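Rule-based calculations on the coordinates, nothing more; no lab input. Just so it is clear, the model here is predicted, and its values are computed rather than measured. Positions of Cβ are generated from backbone atoms using ideal geometry, with glycine treated the same way; all protein chains shown enter the neighbour counts.
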Amino acid sequence: MNAIMDAMQGFGVSTTHYLQTNYQDAQGLFLWVSWAADLRNTFFIFFPLWFQLRSSVAIKLIWVAVIGDWLNLVFKWILFGERPYWWVHETAHYANSVRPHIEQYPMTCETGPGSPSGHAMGAAGVYYTLVTSILAIMTSKKKYGSKKWYLKAVLWTLFWGVQLCVCLSRVFIAAHFPHQVIAGVITGIIVAEAFDRTQWIYSASMKKYFYTTLFLTSFAVGFYVILKALGVDLLWTLEKAQKWCVRTEWVHLDSTPFASLLRNMGTLFGLGLGLHSPLYTETKKSSSTLVKAGCVISSLFLLHLFDSFKPPTHTAALFYLLSFCKSATVPLVTVSIIPYCVNGALSLQNKKGV
């Protein structure tokens with residue numbers, strides 16, 4: 001089994017070396033794709049946009065992203081996947097040959113286990129949800145019925161083009177092996193397909209949001225504590241990242257497994273708070289195009305400013321707590337506070353105009 005894994009990972013390192021050697025000019029593109037595939041952009045861009053266009057799609061996006069990333073964390077802890085940028089230095093696979101030189105980049109030094117790829121899994125889940133939702137919306141309108149096949153061809157071609165770019169970018173920067181990104185795409189699609197058939201999320205109570213957040217957090221923390229007591233350290237990758245990353249400032253606390261967990265749990269809890277806020281109840285009846293446009297523009301602008309706030313990293317516990325609060329604020333602000341303020345401002349302006 002070890003020989004098979006070494007062969008797969010050796011092939012992966014060779015693929016990374018080939019891409020870095022022959023496509024060095026595309027470095028900027030690969031780095032941008034890795035940035036764009038981060039789930040942060042789902043929360044800060046896709047969600048605010050889609051919540052005003054079709055709130056059910058936005059809600060499904062959050063559930064797919066959060067549950068998918070939570071499953072990704074659990075899978076990573078179970079599978080103990082290596083990452084190319086440290087594996088290439090530690091393996092005995094190259095005992096009788098020259099060890100390939102692998103370049104590192106600012107996004108290379110992820111601190112968690114590598115299998116399956118979180119970026120590939122997140123991108124697959126999010127974009128699968130977007131494609132299926134757009135097709136469902138468009139094909140339900142009679143005027144698009146005759147163009148259904150054309151629409152499907154274009155959207156699915158774009159979907160697979162995005163997945164290919166994400167996979168290549170993660171392999172290029174030596175953050176993942178090819179089999180890890182393929183596994184990420186497959187599991188991401190499965191998660192999105194599961195939520196495509198799930199209806200209760202659109203009417204979930206605040207109590208359900210609270211208990212779901214509590215259960216997912218407790219399960220992950222409990223899983224870590226139990227295995228830690230049994231002598232299995234699920235944070236074994238932190239030492240490897242710190243040892244083999246060529247620049248210490250590229251090892252970020254926000255790429256650790258618990259940072260990811262609390263970020264996602266905060267987002268889910270914040271969505272529940274927003275959807276059950278009195279402010280949302282008061283403003284959701286308003287559906288004018290002007291209000292929606294104002295909400296989208298205000299949300300994207302304010303969330304961009306908000307994203308520039310980085311919790312202090314000198315104390316891990318404080319960092320995790322503030323990460324949870326920051327993540328909870330994003331959907332809360334998008335769903336209830338900004339629409340309420342925009343509605344109020346436009347109403348005031350209309351009264352003055354009269």
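Quick rundown of the values:
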| item | result |
| --- | --- |
| Length added when fully stretched, T21-F219, from 0.36 nm per residue minus Cα-Cα | 67.0 nm |
| Lysine pairs with alpha-carbon atoms under 22 Å apart, segment 110-269, spacing 8 or more or separate chains | 5 |
| Positive minus negative residues near R83 (Lys, Arg vs Asp, Glu; Cβ under 15 Å) | -2 |
| Percent of alpha-carbon pairs separated by more than 13 Å within segment 69-108 | 64 percent |
| Among T91, I201, V171 the positive-end extreme of the charge dipole of segment 90-234 (Cβ point charges) | I201 |
| Kirkwood hydrodynamic radius of segment 253-294, from inverse mean 1/r over distinct Cα pairs, in Å | 12.5 Å |
| Calculated over segment 22-124: convex hull of Cα atoms, volume per residue (Å³) | 118 Å³ |
| Which of L271, A345, L261, positive extreme of dipole for segment 250-354 (C-beta unit charges) | A345 |
| In segment 170-217, the trypsin sites (Lys or Arg not before Pro) that fall in loop regions by DSSP, at most 12 other Cβ within 10 Å | R197 |
| Segment 295-309 and segment 11-34: distance between their alpha carbon centers, rounded to Å | 32 Å |
| Peptides ranked, highest mean first, by Cβ atoms within 10 Å: ranges 265-277, 116-128, 149-161 | 116-128, 265-277, 149-161 |
| 32 Å tail of the calculated P(r), the chain, as % of Cα pairs | 36 percent |
| Sum of side-chain charges, R263 neighbourhood, beta-carbon under 9 Å (Lys, Arg +1; Asp, Glu -1) | 0 |
| Hydrodynamic radius (Kirkwood) for segment 209-264, which is based on Cα pairs only, to one decimal in Å | 12.9 Å |
| Unit charges on C-beta of K, R, D, E only; dipole of segment 229-320, Debye | 240 debye |
| D (Stokes-Einstein, µm²/s), Kirkwood Cα radius, segment 50-202, 1.306 mPa s at 10 °C | 93 µm²/s |
| Relative contact order of the chain, defined on C-alpha pairs under 8 angstrom at six or more residues apart (%) | 24 percent |
| Ratio Rg/Rh [Cα only; Rh per Kirkwood] for segment 201-354 | 1.11 |
| Over segment 140-222 - Rg/Rh using Cα atoms and the Kirkwood inverse-distance radius | 1.12 |
| Net charge dipole size for the chain [Lys, Arg +1 and Asp, Glu -1 on Cβ; Debye, nearest 20] | 1660 debye |
| Options T132, Y224, Q104, ranked by Cα towards positive dipole end of the chain, top entry (Cβ charges) | T132 |
| Computed helical MRE - 222 nm, the chain, DSSP H runs ≥ 4 contributing -39500 (n - 2.57), nearest 500 | -23000 deg cm²/dmol |
